[in-house]
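Here, each number is a calculation from the coordinates, and none is a lab measurement. All figures in this text were calculated on a predicted structure; none of them were measured in a lab. Ideal geometry is used to build each Cβ from the backbone, glycine not excepted, and the neighbour counts take in all protein chains shown.
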Amino acid sequence: MEDAGWASDIRRTLRRARVTSLLSQGLLSLTAALALAACWLAVLVLISRAAWHIDTNPLGTWSLVNPVRFDLLFLGLLTGTGLALGWLRVRLWLGTVILTLTPLWIWVLSVLVRSEGVWHEPDGTLTNSPSYDFATYAFTTGSLIFSLGCLVVGLLSITAGTRLRHRKITP
């Protein structure tokens, strides 16, 4: 039995469901990537404040002394984000593209946020000290390498999260 009206309604509903699913997955991925970028930018501000001797903070000082550990910490955060996106059934290409653009999200947040501080020498006066915005992120070749790393880690971790979701756990 063929019913053209019913078939048309089903096709329209399926198209709408695909678009809604894609939008919700994109929003979820973007939210996760923006949270990751906000974490990265906050640590950059803390590092710059510690480096410029504006104030002393344990996280900024630790990051200056342990740059490799800081990079490994961020790698863990990126991997965890990818695993979570894969577990939540985000499409591989969508999650990977959004995580690859992490340097862009950091730059967007740095444009929207201003963390101002005054630089002064230990023996200088505050009256002639310049003011700086510490929430800055510039695109360099390092940003491209960072983006490539986000691509690889995002691809692998989202795939792993998807595989973990589909894996049957037997006692």
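Between residue 136 and residue 75, full extension at 0.36 nm per residue minus the direct alpha carbon distance yields a gain of 19.9 nm. Remark: spin-label model distance residue 30-residue 144 equals 2.7 nm, labels positioned 7 Å along the Cα→Cβ axis.
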